[in-house]
Amino acid sequence: MLPLNPPLPPLVAIAGPTASGKTAAALAVAGRWPVEIISVDSALVYRGMDIGTAKPSAQERAGTAHHLIDLCDPLEPYSAAQFRRDALRLIDEIRARGRQPLLVGGTMLYFKALIDGLDDMPPADAAVREQIARDAAEQGWPALHARLAKVDPITAARLPPGDSQRIARALEVWQVAGRPLSAFQQRAGQGLAVELISLEPLERAWLHARIAQRFEDMLAAGLLGEVWALMGRGDLHPDLPSMRCVGYRQSWQALQEAQAAHNAQPDAPPPLSGAQLQALKASGIAATRQLAKRQLTWLRSMPARRSIACDAPDAQAQLLRQVDALWSRG
């Protein structure tokens, strides 16, 4: 007799640094299994940010259901705690439809929140955040980092003095909740078992070449026009989490400099000089490489992951064999 409640197939995730081939791998899995993809990416949640985030195309999203994409306006915050709540709900809903949830992305804090669990942190407080911003303008972020070290030395130790976004959030949590951010980030005992397949290059040069080509492709596809449209809204600024995304911050700065040089308000993005364009490419590619380095550091701290060399010729075939083995009912 079959059990009344047969065990569910394991929850599978595909993680990896930017440009490692996660989207292509996920779509290959979708070609073999009835999946719905849950994005684990803090940039894909924002509407109007398509080119610089390498958002899956409309055709790709039409062929396979994607979730947690285009959730928020770039002015709105979206936290790891919100991701965890949304992802847990979606996992249940997708399974109830008789399909497999497939987690795909490179925001390692989101993976950690899902796998290890999180206490519910306080929501953003606009008044407190504005006061912190004023203090930073007067005293500088190194001084606020020193302030954080007094109330939350664990968090301060892992943040560089110039990481304004995370320093501000940590101070905000302390002021609103009276508890350090590190206390909220302790394992909550409500983690989720996930089979994590990690795409990691054996040769950094392979990943660096892909990162450089992808940034070139984004510029050719109209990244500067996309950022110019966001700047033109008038309510966004470069210190927002959305505008701090790799590629957007560098493009914003380049456009500001070009606009100042032309002393005009053109309908189209101001043209960048050859030197400005080369500087943008250099800064955008360097920032993306730093992001990839941080992502790989996170991944290598997860001993239970199943690592696949994404620069191997048969990387996708290896991944498909692992997913087939995990989900096979035979």
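When 1/r is averaged over all different Cα pairs and the result inverted, which Kirkwood radius in Å belongs to region 28-93?
Working: mean 1/r = 0.0787 Å⁻¹.
Kirkwood radius, region 28-93: 12.7 Å.
With only alpha-carbon atoms in the gyration tensor, what are the semi-axes of the equivalent ellipsoid for region 204-269, in Å, largest first? If you can, show how the numbers build up before the last one.
Details: eigenvalues 118, 39, 20 Å².
Sorted largest first and rounded, they come to 24, 14, 10 Å.
Can you list residues whose amide H is under 5 Å from Gln100's amide H, if they're 5+ apart or on another chain and H is modeled 1.01 Å from N?
Val35, Glu36
Plugging the Kirkwood radius over Cα pairs into Stokes-Einstein for region 1-134, at a temperature of 25 °C and a viscosity of 0.890 mPa s, what D comes out in µm²/s?
On the way: Rh = 16.3 Å.
Rounded to a whole number, D works out at 150 µm²/s.
Quick query: amide H of Ala65 versus all other amide H atoms, modeled in the peptide plane; which residues come in under 5 Å with a sequence gap of 5 or more or a different chain?
Ile37
Can you tell me what percent of all Cα-Cα pairs in region 11-60 are more than 12 Å apart?
Counting every Cα pair in region 11-60, those more than 12 Å apart make up 68 percent.
I need the phi-derived Karplus couplings for region 240-245: 6.51 cos²θ - 1.76 cosθ + 1.60, θ = phi - 60°, integer Hz, Gly and Pro marked x.
These are the phi-based 3J(HN,Hα) values: 5, x, 5, 7, 8, 4 Hz.
Could you work out how far apart the two model spin labels at Leu202 and Arg95 are, taking each label as a point 7 Å from the Cα in the direction of the beta carbon, and quote it in nm?
Result for the modelled spin labels: 3.7 nm.
Starting from the exponent 0.38 and prefactor 2.2 Å, build the expected Rg for region 126-184 from its residue count and divide its actual Cα Rg by it. Don't skip to the end; give the middle numbers.
Working: Rg = 10.1 Å, N = 59, 2.2 N^0.38 = 10.4 Å.
Relative to the 2.2 N^0.38 Å estimate, region 126-184 comes out at 0.98.
Could you tell me the calculated FRET efficiency between Asp314 and Glu60, based on Cβ-Cβ distance and R0 = 25 angstrom, to the nearest 0.05? Don't skip to the end; give the middle numbers.
On the way: r = 23 Å, r/R0 = 0.91.
E(calc), rounded to 0.05, equals 0.65.
Net charge near Ile14, counting Lys/Arg +1 and Asp/Glu -1 over other residues with Cβ under 15 Å of its Cβ?
Values: positive: Lys22, Arg32, Arg305, Arg306, Arg321; negative: Glu36, Asp41, Glu60, Glu195, Glu200, Asp324.
It works out to a net charge of -1.
Kirkwood hydrodynamic radius of region 112-241 from all distinct Cα pairs, in Å?
On the way: mean 1/r = 0.0555 Å⁻¹.
Final number for the Kirkwood radius of region 112-241 is 18.0 Å.
Given the DSSP H assignment, sum -39500 (n - 2.57) over each helix run of at least 4 residues in the chain and divide by its residue total; what's the result at 222 nm in deg cm²/dmol, nearest 500? List each step's numbers first, then the result.
Numbers: 14 runs with 173 residues, N = 330.
Roughly -16500 deg cm²/dmol at 222 nm, from the helical runs in the chain.
Mind giving me the FRET efficiency for Cys72 and Glu216? R0 is 22 Å, r the Cβ-Cβ distance, nearest 0.05 is fine.
The value I calculate is 0.20.
How far is it, in nm, from the label point at Glu138 to the one at Leu109 when both lie 7 Å from their Cα along the line to the Cβ?
2.7 nm
For the pairs Lys55/Lys281; Lys150/Lys281; Lys55/Lys150, flag any whose C-alpha to C-alpha distance is greater than 31 Å.
Among Lys55/Lys281; Lys150/Lys281; Lys55/Lys150, the Cα-Cα distance tops 31 Å for Lys150/Lys281; Lys55/Lys150.
Could you go through region 26-39 in sequence order and give the Karplus-derived ³J(HN,Hα) for each residue, using 6.51 cos²θ - 1.76 cosθ + 1.60 with θ = phi - 60°, rounded to whole Hz, and x for Gly and Pro?
In residue order, the calculated couplings are 5, 5, 5, 4, 5, x, 10, 10, x, 10, 10, 8, 9, 6 Hz.
Each residue of region 249-259 in turn: what ³J(HN,Hα) in whole Hz from Karplus with 6.51, -1.76, 1.60 and θ = phi - 60°, glycine and Pro shown as x?
Residue by residue, region 249-259 yields 4, 5, 5, 4, 4, 5, 5, 4, 5, 5, 5 Hz.
Rg (Å, one decimal) plus Dmax (Å, integer) for the alpha carbons of the chain?
That works out to 21.0, 79 Å for Rg and Dmax.
Could I have the simple spin-label model distance between Arg294 and Ala193, label points 7 Å from Cα toward Cβ, reported in nm to one decimal?
Those two pseudo-labels are separated by 3.3 nm.
Would you mind counting up the charge near Gly178? Only other residues with Cβ under 13 Å from its Cβ, with Lys and Arg at +1 and Asp and Glu at -1.
Combined, the nearby Lys, Arg, Asp and Glu give -2.
Assuming R0 = 51 Å, what is the FRET efficiency of Ala124 and Ala275, from their Cβ-Cβ distance, to the nearest 0.05? Could the numbers behind the result be given before it?
Working: r = 39 Å, r/R0 = 0.76.
So, using R0 = 51 Å, E works out to roughly 0.85.
Sum up the charges of everything whose Cβ sits under 12 Å from the Cβ of Val151, counting Lys and Arg as +1 and Asp and Glu as -1, but leave Val151 out.
Details: positive: Arg147, Lys150, Arg179; negative: Asp152, Glu172.
That sum, taken over residues with Cβ under 12 Å, equals +1.
Work out, step by step, the length gained on full extension between Arg32 and Arg306: first 0.36 nm times the residue separation, then minus their alpha carbon distance; give nm to one decimal. List each step's numbers first, then the result.
Working: separation 274, 0.36 × 274 = 98.64 nm, distance 1.99 nm.
Gain on extension, Arg32 to Arg306, equals 96.7 nm.
To two decimal places, what compactness ratio does region 223-330 give when its Cα radius of gyration is scaled by 2.2 N^0.38 Å?
Against the compact-globule rule of thumb, the ratio is 1.56.
Using mean Cβ contacts within 10 Å as the protection proxy, how do 309-316, 77-84, 16-23 order, highest first?
Details: 309-316: 15.9, 77-84: 18.9, 16-23: 23.8.
So the peptides 309-316, 77-84, 16-23, ranked by packing, come out 16-23, 77-84, 309-316.
Any read-out appearing in this document is the output of simple, stated calculations on the displayed coordinates, not a laboratory observation. This is a predicted model, so every value here is computed, not measured. Glycine gets a Cβ as well: all are built from the backbone with ideal geometry, and neighbour counts include every protein chain shown.
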